Structure formats: C-alpha cells, structure tokens
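Student: One structure coming up, written as structure tokens, with questions to follow.
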Amino acid sequence: LVVLGACTAPATDYPSGSHEDLVTLFQEWRAFEMPEFVDGVPDYSAAAMAAQHEELPEWQARLYALDPEGWTQEEQIDWHLVRAEMNGLDFDHRVRKPWVRDPAFYVMMYPSESDVPAHEGPVIHGWIDTWTYDYPLSSGDAAELAERIGSIPAVLEQAQANLTGNARDLWHAGLRSFQGQNADLLAFGARVAGTDAALDDAI
C-alpha cells in the first residue's frame with residue numbers, strides 16, 4: 001500500500017514507544033500545530049510561522065522514534081496518519097503558505113456544514129461554525145459568538161500584514177470568499193437580531 005510505503009526518517013535520539021505513546025504524541029502535536037492565540041486572534045505572523053516550522057523536525061523525530069513495525073496493522077495506520085499530518089504542515093510551510101498567499105484563508109465564518117469531515121482546503125484556526133449552535137441562542141452561546149465574531153476585525157488587520165505572497169488566482173477567488181462572508185454575516189445578523197446586544201454589535 002502506498003500509505004504504508006517506506007520513507008526517509010529524520011535522525012532521532014528519542015526512545016521507541018508504544019501505540020499509547022503515539023496517542024499522547026498526537027494530542028500534543030495537535031496543540032503544537034495550532035498557532036498561539038493572542039487576545040482571541042491566532043498568530044500567523046511571519047515570526048510565529050517561522051518558529052513553528054523550525055520546531056517541526058523535532059516532532060517528526062519523536063514520531064519516527066516510536067518505530068511501529070511490531071504494532072498491529074490498525075496501529076500502524078494510525079502512525080502513518082500522524083506522519084501525513086506532519087508532512088502536510090511541512091508542505092504548508094514550504095509550498096502552500098496559505099497565511100501568506102491566500103486571502104480566503106482568513107474567512108472565519110461558516111454557516112453550513114462542509115461535505116468533508118472538517119473543512120475543504122486550508123482553514124484558519126478559530127473558525128466559527130455557526131451551524132453547530134442551537135437556535136434560538138442561549139445567553140452563553142450568544143456571549144461566546146459575540147466574542148468570536150468580535151475578533152474578526154483583528155484577524156483581518158493581521159492579514160493585511162501577513163498577505164505578502166504573489167498568487168493572483170487566489171486573490172481573485174478571495175474576493176468572492178469575502179463577499180460570501182459579508183452576506184453570511186448579514187443573514188446571521190438578521191437571524192439573531194435582538195438576542196444579545198453585544199452580539200448585534202459584533203456582527
């Protein structure tokens with residue numbers, strides 16, 4: 001199987017481990033893969049992304065040290081899935097760089113469920129799936145959405161500094177994406193109008 005094919009492992013001094021160690025590593029990896037949030041805004045600045053990419057080989061070394069050769073097939077598949085995630089983040093840093101090249105990366109609001117398990121294409125951490133909430137909104141959910149939607153202007157301010165890449169087609173597509181977000185916010189504002197004053201202001 002291609003997914004189980006051999007690949008070059010980074011040098012490692014970490015001790016080998018078990019599938020349980022892989023589960024722990026995966027949980028820690030997902031925390032590392034998520035950028036730091038500053039006042040509710042994910043930090044995709046050049047300095048933050050460079051630091052993340054610099055640390056990535058150490059995470060890959062920890063993974064390869066686990067050596068899944070003696071594990072069950074299902075456990076080996078888990079190992080390769082984590083490897084694929086790490087390779088994907090490396091590819092994002094070296095090639096795609098959506099936080100630098102793709103304005104649509106900074107779209108935050110999604111009013112309907114995607115037809116894939118997560119979201120299609122690169123998506124910013126801190127995205128807002130308004131379709132996951134129960135309506136009419138509870139006071140707690142309204143307050144949460146007011147804070148999260150209220151962070152969008154700061155996200156866009158950061159985007160103005162981060163978006164230095166030259167990807168003409170992505171910029172044109174980004175115009176449509178933000179026109180869509182504008183329409184989604186207006187429709188959502190009408191749907192929840194009067195639920196919470198802070199949420200109305202944020203929208």
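Student: Can you give the percent of C-alpha pairs in region 115-203 whose distance is more than 16 Å?
Tutor: Result for the distance tail: 62 percent.
Student: Place a +1 charge on the Cβ of each Lys and Arg in the chain and a -1 charge on the Cβ of each Asp and Glu, then give the dipole magnitude about the Cα centre in debye, rounded to the nearest 20.
Tutor: Around 900 debye, computed over the chain.
Student: If we sort 171-182, 77-88 on the protection proxy, mean other Cβ atoms within 10 Å, highest first, what's the order?
Tutor: 77-88, 171-182
Student: Which of the three applies to region 75-172, rounded, prolate or oblate, going by the alpha-carbon gyration tensor with a ≥ b ≥ c and a/c under 1.5 meaning rounded?
Tutor: It comes out oblate by the Cα gyration axes.
Student: Could I ask something else about it? Sorted by average packing, counted as other Cβ atoms within 10 angstrom per residue and highest first, what order do 135-142, 114-121 take?
Tutor: Highest to lowest by the protection proxy: 135-142, 114-121.
Student: Restricting to Cα atoms and excluding each atom paired with itself, what does the Kirkwood estimate give for the chain in Å?
Tutor: About 19.3 Å for the chain.
Student: Can you give me the relative contact order of the chain as a percent, contacts being Cα pairs under 8 Å and 6 or more apart?
Tutor: Here the relative contact order equals 24 percent.
Student: With all protein chains present, calculate the accessible area of residue 169 using a 1.4 Å probe and round the result to the nearest 10 Å².
Tutor: Estimated to the nearest 10 Å², residue 169 gives 120 Å².
Student: Could you go through region 101-115 in sequence order and give the Karplus-derived ³J(HN,Hα) for each residue, using 6.51 cos²θ - 1.76 cosθ + 1.60 with θ = phi - 60°, rounded to whole Hz, and x for Gly and Pro?
Tutor: 10, 10, x, 5, 4, 8, 5, 9, 9, 10, x, 9, 6, 6, 8
Student: Which value, in Å² rounded to 10, gives the accessible area of residue 201 with a 1.4 Å probe and all protein chains present?
Tutor: Surface accessible to solvent at residue 201 totals approximately 130 Å².
The values are calculated or read from the model by the stated rules, or taken from the named source; none is laboratory data. Only a predicted model underlies this, so the values are computations on that prediction, with no experimental measurement involved. Cβ sites come from the backbone with ideal geometry, for glycine too, and all protein chains shown count toward neighbours. Accessible surface is based on the protein model in full, side chains and every heavy atom, while ligands, DNA and RNA are left aside. Shrake-Rupley method; radii C 1.70, N 1.55, O 1.52, S 1.80 Å.
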